[in-house]
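A short worksheet on the structure shown next.
The values are calculated or read from the model by the stated rules, or taken from the named source; none is laboratory data. This structure is a prediction, so every number in the text was calculated from the model and none was measured. Here the Cβ positions follow ideal geometry from the backbone for every residue, glycine too, while neighbour counts run over all protein chains shown. We work out accessible area using only protein heavy atoms, side chains counted, and drop any ligands, DNA or RNA first. Shrake-Rupley method; radii C 1.70, N 1.55, O 1.52, S 1.80 Å.
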Amino acid sequence: MPAHLLSVDSLCRDDVDHLIRIAERMEPIAQRRKVTRVLEGAVLGNLFFEASTRTRISFNAAFCRLGGSVCDTTGFTFSSMAKGESLYDTSRVMGGYVDAIVMRHPEQGSVAEFAEATQVPVINGGDGPGEHPSQALLDVYTITKEFARLGKPLAGAHLLLTGDLKYGRTVHSLIKLLSLYEPLRITLVSPPGLEMPPHLVDLVASRGHRIETRPNLAESFDDVDVIYATRIQRERFTAEMSESFAELTSDFVVDRDFLDRRCSPTTLVMHPLPRDSRPGANDLSTDLNGDPRLAIFRQTDNGIPMRMAIFAHLLQVEDLIEKDLRDVGWFVPPSFGVDDASF
Amino acid sequence: MPAHLLSVDSLCRDDVDHLIRIAERMEPIAQRRKVTRVLEGAVLGNLFFEASTRTRISFNAAFCRLGGSVCDTTGFTFSSMAKGESLYDTSRVMGGYVDAIVMRHPEQGSVAEFAEATQVPVINGGDGPGEHPSQALLDVYTITKEFARLGKPLAGAHLLLTGDLKYGRTVHSLIKLLSLYEPLRITLVSPPGLEMPPHLVDLVASRGHRIETRPNLAESFDDVDVIYATRIQRERFTAEMSESFAELTSDFVVDRDFLDRRCSPTTLVMHPLPRDSRPGANDLSTDLNGDPRLAIFRQTDNGIPMRMAIFAHLLQVEDLIEKDLRDVGWFVPPSFGVDDASF
Amino acid sequence: MPAHLLSVDSLCRDDVDHLIRIAERMEPIAQRRKVTRVLEGAVLGNLFFEASTRTRISFNAAFCRLGGSVCDTTGFTFSSMAKGESLYDTSRVMGGYVDAIVMRHPEQGSVAEFAEATQVPVINGGDGPGEHPSQALLDVYTITKEFARLGKPLAGAHLLLTGDLKYGRTVHSLIKLLSLYEPLRITLVSPPGLEMPPHLVDLVASRGHRIETRPNLAESFDDVDVIYATRIQRERFTAEMSESFAELTSDFVVDRDFLDRRCSPTTLVMHPLPRDSRPGANDLSTDLNGDPRLAIFRQTDNGIPMRMAIFAHLLQVEDLIEKDLRDVGWFVPPSFGVDDASF
C-alpha cells in the first residue's frame, strides 16, 4: 500500500481487507467504549480548500480519537497561495508542521500534486470530480459489516446502484473497489444521459462480475441485497430536461413503498449523503427514517473507524492500538452504534 | 435534568443548584491550578451556524480543560445543509462523530429540532431570539458567588435590571432562573417601548418576588445589590426614535457617577457583554474599568467553570473529576481569577 | 525578557540566545522523535484577525506539540468587536478563557494594545506593517543552526539582504536582531525606491557592523554566506514603474545561475515565504528546488521549535520539558528534518 491515500486505483484487495481489519479493531474506540493515546503528540493538517463540513469533522474526530491534535483550515483560499505560492511550496511547508495531511480541493489532481512535495502521508479528502477514496472504503466496510451482521456471504451478493451514475464520484470509486471482490451481481439504474461510464462497466465485467442495466425501478428487485442510491443534481440536466426534472427523476426514487413492494425485507439502503430533502428533489426518501433497512447513518458512523484505520495504517501505529486502550469514563448512550432500531 | 440543555424552562431549582455545585468544584481547573484528563478521548462538535467568537471559544476552552478535543464549525453555512440536507440528517450524522454538541443558530427552535435526532447531548449556545441557557446559568453562578464572597445572603437581595428588557434574551432567561430562588426584590428600568414582557413580570410575581418598575435611573438605588445592565440596540428603535437615540438612552447609562451618587459601595455591576464602547452608544460606561464593583469580567471568567459543569453533568463525569486532578506545570499569573482589584 | 512577545525591540542578546537554546532542546519534539505533555490542560487562543494560514498553523502545531489545546479564530472579524466591543474588553475576556494568546491583526500597534488588558502572555503574530517577532527569531535561529552545521563561526559572516528592503517587515526585524551579534558584514541590494530605511542602516553601523549597498546582483558575491531574499510586491511600485516591473526586478532575481556564477558552493539562500512562483513575479527562483543551498524549508521547519521555545519560555515550562519526554510511537519518515538533500 502506498505512503499516501490518493485514489482507490492504487489499492489492491489485500489493502482493502487490511484496512477493514484495522477498522474492526477501531470499533471499541469509535463506539466510545475505549480510548487510546497512540497518536498523542501527532498533529493532523486538515486542509479543506473547499467546504465539506461533514467530511472535515469526520477526519478531525477520527484523528482526535486516536489521541492526536488537529489544525483545521476551511474555505476556498489558503492565504499564501493567493499571493502566488505554488502547491509545491505550500505542501513542503505543511509537511514540516504536521504529521499527516487530509486535503480537499476543487481541482482534480491537485491533491496528488500536493502529495509529491511533502514528506508526510497525504489523504485525498475529495478533489473535485476526481477521487474520494475514504468514502469508497467506508462504503465497502459498511457492506461487509452489514453482511456479516445478517449472516450472509458477500460472494454472489446483488447490488443495485441507482441515481446519477455518470457524475457520481462515489459510485465510480465504490464500483472499482467492489470489482476486487468475489463475483458479485451489479445492476445499474439511472436516468438517460446519467449512465455509468462504459469503461467502468467493462472493468467490472472483465473481473468476472455480472453487470446489467435496467431502465428504471418499476420492476421487481426482490433478490437485491443492497441498494446504493445517489443524488441526481438538477444542474446535470440540460435546460430542456431540467423543466421536467421532477417527472424524470421520480422514476428513480427509493422510498418505503418501493422497498415494501419491490424488494426483500432485508434489502439494505445506502447513500453517500447528503441527501436532498427539499420537495421535488426526488432524492432518497425521508419516509424510511427509523426503518432498519435504512443503513445510511450506520454508513456515516462507519466513517470514523475507517478513517481511524487509514490514519493508523499510514502512520504505522495499527499494532500499538491494543496496547494502549483504556475504558471511557464518560456517559455513552446505551443505543450508541446500534441506531435506527437495526439490532 | 434533561439529557440536553436547550432552555432554562426545563431547569428546576435543584438542577441549578446542582450545576452551581459542580461549577464550584471546577474552579481549581478553571483557575489553572489543576488539570484533569477526565474527558480524554471525547470530542465536542462546536457548531456555530452564526458567528459568536466569544461564546464559541468559551465552550471550546471549557471542553479542552476537561481533557477533551473540539471540532469547530463557524460561519453561516453548514455545507451539506446548503445542498438541501435536513437538520435531522445533519444531526444524526454529527451524533455519530462526536460525543456532545454545542449549537448556535440564528433561528429560534432549530437547536431543539436538532437535538431530537441525535443520540448525544446537545447544548443550546443561542438560537436567535430564543434561548442561551449557559449565559443565564453563569449569571446566576456569578450572583451566588459574589454574594458568598461578600458574606451577604441571597434571600431578599435587590436586583436592578436595566437596558433593553424587551428583546434582551439574556435578561429573560436570567429572570426565569432567579424566580426559582428565595424571595428577591427585582426593579426594572428600561426606555419606553423596551419594557420586560408582562408574562415574565407575572411569572416572577406569581413566585412570590417583589417586582417593580422605575422610569429611569435618576433616583436613589442605594439598597440595590446587583445592577444587571444590557445593551440597547439602535436597531430596536423606530426611525423616529432613532434620531434621538443618544438622548433617550443617556437616561439609562450606568457609569461611575451613577454608582457613586445613587448606589452603595458594594453594589455590583453585571452585563452579558459585549458592551458597545463606541461614542454615543450609551452602553455600560468604560469609566468603571478597574473598579471592583464592575463584575463583568469575573462574570465572563465564570463562564468557564459553569460550561465545564454543564459538560461534566451531561456526560456524567462530575464524580470522576476529583479522582483525576493533577497540578498545573505552567506559569499562572498570581492575580489570576482575582482580577479587577476586587479582592 | 518581557511577559509578552510584542516586538524584537524589547529583546536583548541574552534573550535571543536563551530562546535559541530552548529551541535546540525542542528539536527532538519538533522532529517527531519525542513527545511531551508539559502543557497538557493549557489552552492557546490563536486569534487571527487577518488570514495567514501558514503562521496560524505553525503556532497551532507548536502549541499542540507541547501537549496543549488550541482555539482558533480566523478571518477579518471578531464578531463581538463588530458590535462595538473595545480591544480592552475582548482582551480581558479572552485572558479569562485561555492561557496564552497569539494575535495577528492588520493594524500596527493593535497587538500591543491588546496585551495591555490581559493577564496572559500575548505573542505578536504580525500587526500589519509593524512587527512579526517570531519570524525574525526563527530566521536568526536558522542562521545560527546552519553555521553550526557547516562548522563556520557566525562572527564576521557576510549576509546579503535583497529585494524589497523598504516595506519588508521581516528584514527590518531580522537586521535589528542581527545587530545584537558579533560584528557582521551586511550587504544590501534593492531596486531604487525600495532601499532599507536609513535609521536601520545607522543602527546596524552604530553597533559595529560593516554595512554596504550594491546597486544590483550583477557582480561577484563569492564571499557571501547567506542570501536573504524577499519578495518585491508589484503594488509597491508607482504606476510608471509598474509597467516595467518585470524588467526592473529581473536584476534582483536569485536563481541557480546567480548562485553558480556569482556565489560560493556553501552560500545559503533564505526567504521569509511565501515566494511568488507566478511567471514574471521575479521572486526567488524555483529552479533551486532540491538544491542543498536552498534553506527556505529548513527555515520554515525551524518555525516549530522556535515557536515552541517562545511558548515554553513565556509559560515558564522550559525546565520541565526534559522530565516529560516520551518516544514517538508513530511512523516518521527517515529523511525528516534533513530535507532538500542538505545533509
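Here are a few things to note about the model shown:
- The lone criterion from (1) more than 13 Å from chain B (Cβ to nearest Cβ); (2) surrounded by fewer than 21 Cβ atoms within 10 Å (Cβ to Cβ); (3) not in a helix (DSSP H, G or I) left unmet by A:D9 is number (3).
- Of residues in the stretch B:46-66 being small (G, A, S) and surrounded by fewer than 24 Cβ atoms within 10 Å (Cβ to Cβ), the one modelled with the highest pLDDT: B:S52
- Residue count, the stretch C:104-124 (criterion: of a type in the set (G, A, S) and open to solvent by less than 20 Å² (accessible area, probe 1.4 Å)): 3
- Output for the stretch C:202-231, where each listed residue is within 25 Å of C:L273 (Cβ to Cβ) and within 21 Å of the chain's Cα centre (by Cα): C:V204, C:V224, C:D225, C:V226, C:I227, C:Y228, C:A229, C:T230, C:R231
Residue-by-condition table, conditions (1) free of Cβ contacts under 8 Å to residues at least 40 places away in the same chain; (2) at the interface with chain C (Cβ under 7 Å from one of its Cβ atoms); (3) closer than 22 Å to A:R25 by Cα:
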{"residue": "A:V38", "(1), (2), (3)": "no, yes, yes"}
{"residue": "A:A42", "(1), (2), (3)": "no, yes, yes"}
{"residue": "A:T53", "(1), (2), (3)": "yes, no, no"}
{"residue": "A:N60", "(1), (2), (3)": "yes, no, yes"}
{"residue": "A:T74", "(1), (2), (3)": "yes, no, no"}
{"residue": "A:M81", "(1), (2), (3)": "yes, no, no"}
{"residue": "A:G95", "(1), (2), (3)": "yes, no, no"}
{"residue": "A:A100", "(1), (2), (3)": "no, no, yes"}
{"residue": "A:Q108", "(1), (2), (3)": "yes, no, no"}
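- Criterion (in contact with a Gly (Cβ under 9 Å, 6 or more places away or on another chain) and open to solvent by 20 Å² or more (accessible area, probe 1.4 Å)) met by exactly one of B:D127, B:D99, B:D72: B:D72
- Flag if C:S244 is modelled with pLDDT of 90 or more, surrounded by fewer than 18 Cβ atoms within 10 Å (Cβ to Cβ) and not assigned by TED's automatic domain parsing to the domain that holds C:T55: no
- Test: A:I304 is buried (at least 17 other Cβ atoms within 10 Å of the Cβ), more than 8 Å from every other protein chain (Cβ to nearest Cβ) and touching a residue at least 24 places away in the same chain (Cβ under 8 Å): no
- Of all residues in the stretch A:155-169, those being in contact with a strand residue (DSSP E or B) (Cβ under 9 Å, 6 or more places away or on another chain) and surrounded by fewer than 22 Cβ atoms within 10 Å (Cβ to Cβ) number 4.
- Selection of first residues in the stretch C:1-23 that are among the basic types (K, R) and of second residues that are assigned to a loop (DSSP other than H, G, I, E, B), restricted to Cβ pairs under 6 Å at least 6 apart or on distinct chains, gives the following pairs, ordered by first then second residue: C:R13/C:L180.
- Residues in the stretch C:307-324 that are farther than 22 Å from C:N46 by Cβ and either outside any helix (DSSP H, G or I) or open to solvent by less than 20 Å² (accessible area, probe 1.4 Å) (or both): C:D319, C:L320.
- Residues of the stretch B:130-154 that are open to solvent by 40 Å² or more (accessible area, probe 1.4 Å), free of Cβ contacts under 8 Å to residues at least 60 places away in the same chain and in a loop (DSSP other than H, G, I, E, B): B:G151, B:P153.
- Residues satisfying the criterion are absent from the stretch A:282-298 (criterion: among the β-branched types (V, I, T) and in contact (Cβ under 8 Å) with a residue 40 or more places away in the chain).
- Cross-chain or 6+ apart pairs with Cβ under 6 Å, the stretch B:176-189 first and in contact (Cβ under 8 Å) with a residue 60 or more places away in the chain, then open to solvent by 20 Å² or more (accessible area, probe 1.4 Å): B:L180/B:R13; B:V189/B:R214
- Selection from the stretch C:260-275 of residues that are open to solvent by 20 Å² or more (accessible area, probe 1.4 Å), touching a residue at least 40 places away in the same chain (Cβ under 8 Å) and out of contact with any helix residue (DSSP H, G or I) (no Cβ under 8 Å at 6 or more places or on another chain): C:R262, C:S264
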